[in-house]
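Before any comments, here is the structure.
The values are calculated or read from the model by the stated rules, or taken from the named source; none is laboratory data. Since we're looking at a predicted model, the values are computed, not measured. Cβ sites come from the backbone with ideal geometry, for glycine too, and all protein chains shown count toward neighbours.
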C-alpha cells in the first residue's frame, strides 16, 4: 500500500488545537481556558465519531466537563464513542439521548443501570462491551484508545501540571493512553495556582501530557462509596466474619488481600483487633492490603495490624487520618494519598492471595452475579479480583495450600502442581426482602436474552470461586471433585432457601465429614459469642474516636 | 498498640536526604549530583537491609548506577534486598558476591542464569521468588515496595524531570511505587538540559517524583533483543507460519495479539503481506498489537496491515521509522516512542485474543518450559501473556469461539459459557543439536529439586495452552476431553521425536478426523509452497529497504 502520510494523527491533533485557539481567542491563555469557554472548546476540539473518555471513576467525576459536553451542538458533535469506567451521573446518559454520543464501552453503571437498560432497548445506545476496570484500561492501549480525554483533578498550575489529591484513580491510565497517541487531554480543576509564587502540593500528571485546563465553577463530585456505619452490622454478619477469620484467613495464613465493599467485609475489618487478636493471629494474617482507605479498617490500623495499603481511590473524610498514618498508606511528599486504580487492580490480581466479596445470586455451579433484570450495571473490578491469576508464578503459603487442595488426586494437566488464588463469596442465605441468595438459575441468563449479550453477565464464575460462606457454614469448593459434589456443597450452606432445603442430607453430611463443608461448631465457633460487642467500633462515632478525631465522616454519616 | 509515630518513613526519608546533602556538599546542586559523587550518594542514602530496585529492564539498564552500587563499602551498605525485573549485567550478580546484596526478587535473568544458579547453591543469594513482569510490579505496591530506586533515563532537566526516550519500559511503575511510599529515586541520565533555554523533548517522569539526578559517563546500555535477521528463517519456519496464519489466525479471526520473540513468529510477521494477503485476510486479522517494535513487522506495516502497536520497550535502530509512522505507534509530542511495560503487559493480558510463542520443552500434559538444568532464568512476561485472563468480560469472535470449543459438551461449572484466550506454542519437533522439543518429563522437575523451588518452573501450563503447532501439524487442545486425548494430540504433532514415535496411530487418526489434529494438507497448505520466497523480506537489507531506509539496524546486524 502506498500511503502518503503516516502521521495523520499528529496533523489532526494540530488542526484541533488550531481550531481551539481560533474559537477561544482571548479566552485561552496558554493552556488555561476561561470557564465560560468550555463549550466552544469542546465543539472546536471534538469531531463527530470521536472516541472520548469522559472521566467517570468509581468516585471522582469530571462533572463540569460532563455538563459541558451535554451542552454542545449535536449538529456539530455527534455519534461519539464513549469509553469510560463508570457511568455515574445522569449527564453521562443524557449524551446518548441527545445524539451527542452513540456507542459505549464501560465497566460499571451503578445507579444509572436501569436507565441504561432502557436506552439500550430503545436503541439509543450501542454497547460495545462491559469490562472490568483493568481490562478497559488495557484496551485504551490497543483498540479503544481515546482521541479526547476529559479528566478531573484537584488543581493545576499555569503550565498545566495536575494535582489530583487523594482521588488520582483512573486519571494516569486515561491520560497516558490519550497523550501518547496524538489525542487531546482537557482537565477540569477546582483550583488554579500560578506555579511560581504558589506551587502545587505535588505533581500527579505532568503538564507535558495536558493540553487544556479549565477551572470548574464547583469542586468535582466525589462519592463516599466505602463508608459503612458499624451500627448497621448485624450479629449474623459478626458470625460470618468470625468464620471468615478462623475458617479461611487463619486456615490459609492470608497475608495479602482485597476486601469487596459492604457490611459483611466491614465486619471482618472490625473483628481483627478483637476476635482475631484473641486467636493470636496478629502478624499472621491481613498485613498487606489492596484496598481503598475503608474507615472500618481504622481500629485494625491503630492496633498495629496493617503494614501497608495501596488504594484504587480514596474515601471522603479520611484525608487527615491518611496524612497522619503515612507509614501505612501510599502518599506523596504532600502527605495526601496517591491512589491509582490501574496499579491497584494489578496488585489485587497478582499480589493478593485472597479476594472476598458479596453477591446477590449464586447458582448450583457456584456462578454468582449481581446482575438483576431490567438493569445493565457491570461489575467494576470484581471479576479481576475474583479470578485466579493464572500468570502468577510467585508462591505464598496461602496460594500453595489452595492449589494443593484443588489438585489433590487429579491427573494430567489438571494435576500439575500450581498455586491458586482464594476467591470467597460471603452472603447471607436470604438478602433483603427475603430474596434467597441461592437460586437454580441466575437472573443473568434472562438478562442476556433481554439485552442480546454474547454471554450471561456472570460476575464470578463457579470455576474461580473457592469458598462460599454463609451463616450456615463454609463450602470449600477447592475440595469438590465433580458437579454433584459442588452442587451439594452449595446446597449444604444455602440454609432455608429452596436450594438449601432441596439438599441431599446424607451427601451433605458426607461432605461435612470430609471438611468440604464446615459449620461454626466444626470451626470451634460458638454462635452465641457472635455479638456486636466483638466489633472494635459500633458506630461512626467510634470510628472517628478510634482515629483520634482524624477521621471526619461526611455530614450524612455524622449521627452524633 | 500505642505507636508514637506513624510517619517514620517520611522521617527516615528526610534523614537520608540530609545525609546525602551533608556527604555531597558542593557536589550536589539542587537535585543534580556530580558524576564522581555517586558512590557517596549511594552510601549516604542507602541503609543495610534496604529493599532496592536497580533498574534492570528487558532492554534498558541503569548500568552506571549498577557499577556504582558495586563500588560502595559493604561494611556500610550490605544485605540489600534487590527487587528488579531483569538481571542482565554481571554487576547485578557481583553485588551478591560482595555481600552488598543478599536477597533477590526478580523476573528474568537471561545470560546470567548459570551464574545465578551457582550463587544460589553457594548460598550467596536468597531468592524470594521469580515473577512475571506485571506480577513483580504489582508486588511493588503491596509487599515488595522499593525503599530506593536506581533508574535510567535518556535526559533530565535542572528540575529533575526525566525524558526516557523510546525505552520508557519499567521506569514509571518503579518510580511511582518508590516516590509515593517515602522512598528515594535516583536517576542516571545520558544528557542534562537546563530546562530554560533547552527543554526536554517531553516529560516521561515528573521532577516531583525524582530526588537525585546524575549524568552517567556513558549512555546507558540498551540491548537489541527483538531483531531477527530474516536470512536465518528456514523453510520449515515458513511452513509453520503458514499453518499459524491459515489454521489459527484466520480460523478464529484474531485481530488483537502478541507475538513472542524468535524466528518462528518473525516468519509469521513476514508472511502477512504475502501469504496472508493472498488469502484475503488483510483487515480481518492482526490489526492491533501489544508488541515491541519488531523490525520484522515493517513490511506488514508498510502494506497497511497494522492499525496500532503498543510496546513494552523499544528496539534499537527503529527510532526514525517509529517517528515517521506515528499513526501506528504510541509516541509523544516529540515523535519518539513511549513504551510502558506495565500497561503493555496489561494490554497483552486483557486486550489480546492470542499469544503465540516458542518454548524448549513440552510434556505430555502440554506443560511447557524454557527452564534448563543448571540455570535459573525466569520467564519474563510469557506466563502473563500465555495464561487465560479469567477476569476478562468483553467478548470478541476469536475469544468466544475458543471458549465454545473448550466448553462444548461439558456440564456444571466447566460448561458455563465463557470465552478463552488463544495460547499457542509454536515449536519445531527437534530444536538445535537435535534435542527433541517433546519430552516425557520436563527438566523443570529436576530443576525444582536442585534449586529447592516450591513448584517446578513451568512457563505455560498445559491447562492454559490451546494449540501446539509444529511442522507436522496443529494440535487443538481446546477440543480434547480427557488426559489420554491430550496426550495423543500432543504425540500426534511430535514428529519423529521418541514422544511422537510412541503415538497410538489409530487414536491419532481419530483425533485428526475430529479436527483435533490438523496436518498441512488438512488446511489446504502444500508444503512445497513453503519457500523463503514467501517472506516479505529475506535479509536485514530488505527490512531496511522496506522501511525506506528509516530502519537503521545496529552495526552487528548490518551485513550488507
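Some observations on this one:
- Sole residue being in contact (Cβ under 8 Å) with a residue 24 or more places away in the chain, buried (at least 23 other Cβ atoms within 10 Å of the Cβ) and more than 9 Å from chain A (Cβ to nearest Cβ), chosen from B:354, B:360: B:354
- Residue check for residue A:139: more than 21 Å from the chain's Cα centre (by Cα) and either assigned by TED's automatic domain parsing to the domain that holds residue A:185 or crowded, with 24+ Cβ neighbours inside 10 Å (or both): no
- If the condition is being assigned to a helix (DSSP H, G or I) and either at pLDDT 95 or above or surrounded by 20 or more Cβ atoms within 10 Å (Cβ to Cβ) (or both), then the range B:420-445 contributes B:443, B:444, B:445.
- Residues of the range A:165-182 that turn out to be free of Cβ contacts under 8 Å to residues at least 60 places away in the same chain, away from chain B (no Cβ under 11 Å) and part of a loop (DSSP other than H, G, I, E, B), as a count: 0
- Qualifying residue in the range B:37-48 (condition: buried (at least 16 other Cβ atoms within 10 Å of the Cβ), farther than 23 Å from residue B:217 by Cβ and either touching a strand residue (DSSP E or B) at 6+ places or on another chain (Cβ under 6 Å) or at pLDDT 95 or above (or both)): yes
- Count of the range A:331-359 residues which are touching a helix residue (DSSP H, G or I) at 6+ places or on another chain (Cβ under 8 Å) and outside any strand (DSSP E or B): 19
- Count of the range A:132-164 residues which are closer than 18 Å to residue A:313 by Cα, touching a strand residue (DSSP E or B) at 6+ places or on another chain (Cβ under 7 Å) and at the interface with chain B (Cβ under 7 Å from one of its Cβ atoms): 1
- Residue in the range B:382-405 that is assigned to a strand (DSSP E or B), surrounded by 24 or more Cβ atoms within 10 Å (Cβ to Cβ) and assigned by TED's automatic domain parsing to the domain that holds residue B:251 present: no
- For the range B:532-547, filtering for residues that are in contact with a helix residue (DSSP H, G or I) (Cβ under 6 Å, 6 or more places away or on another chain) and either assigned to a loop (DSSP other than H, G, I, E, B) or within 13 Å of residue B:295 (Cβ to Cβ) (or both) leaves 9.
- Answer from B:456, B:417 - the residue that is within 23 Å of the chain's Cα centre (by Cα) and either in a strand (DSSP E or B) or within 14 Å of chain A (Cβ to nearest Cβ) (or both): B:456
- Residue in the range A:509-523 that is more than 28 Å from the chain's Cα centre (by Cα), under 22 Å from residue A:265 (Cα atoms) and assigned to a strand (DSSP E or B) present: yes
- Qualifying residues in the range A:81-108 (those that are without any contact (Cβ under 8 Å) to a residue 60 or more places away in the chain and assigned to a loop (DSSP other than H, G, I, E, B)) - the one nearest to residue A:453 (Cα to Cα): A:87
- Entirely in the range A:214-319, the strands (runs of 3 or more DSSP E) that have 3 or more residues that are under 16 Å from the mean Cα position of the chain (by Cα): A:256-259
- Any hit, the range B:399-409, residues being touching a helix residue (DSSP H, G or I) at 6+ places or on another chain (Cβ under 7 Å), facing chain A (nearest Cβ under 9 Å) and in contact (Cβ under 8 Å) with a residue 40 or more places away in the chain: no
- Condition broken by residue A:550, with the remaining ones in (1) crowded, with 19+ Cβ neighbours inside 10 Å; (2) assigned to a loop (DSSP other than H, G, I, E, B); (3) in contact with a helix residue (DSSP H, G or I) (Cβ under 8 Å, 6 or more places away or on another chain) satisfied: (1)
- Every residue from the range B:222-238 that is crowded, with 22+ Cβ neighbours inside 10 Å and farther than 20 Å from residue B:108 by Cα: B:228, B:230, B:233, B:237, B:238
- Meets criteria (more than 14 Å from chain B (Cβ to nearest Cβ), part of a loop (DSSP other than H, G, I, E, B) and either surrounded by fewer than 20 Cβ atoms within 10 Å (Cβ to Cβ) or modelled with pLDDT of 95 or more (or both)) for residue A:78: yes
- Within the range A:1-25, if we keep just the residues that are in a helix (DSSP H, G or I) and over 16 Å from residue A:182 (Cα atoms), the residue that is farthest from the other protein chains (Cβ to nearest Cβ) turns out to be A:25.
- Of residues in the range A:333-350 being over 19 Å from residue B:210 (Cα atoms) and in contact with a strand residue (DSSP E or B) (Cβ under 6 Å, 6 or more places away or on another chain), the one nearest to the other protein chains (Cβ to nearest Cβ): A:347
- Residues satisfying the stated conditions in the range B:295-321, i.e. surrounded by fewer than 24 Cβ atoms within 10 Å (Cβ to Cβ) and closer than 18 Å to residue B:347 by Cβ: B:306, B:307, B:308, B:309
- Residue check: residue A:111 meets all listed conditions (1) more than 16 Å from the chain's Cα centre (by Cα); (2) outside any strand (DSSP E or B); (3) farther than 30 Å from residue A:324 by Cβ; (4) away from every other protein chain (no Cβ under 12 Å) but one, namely (1).
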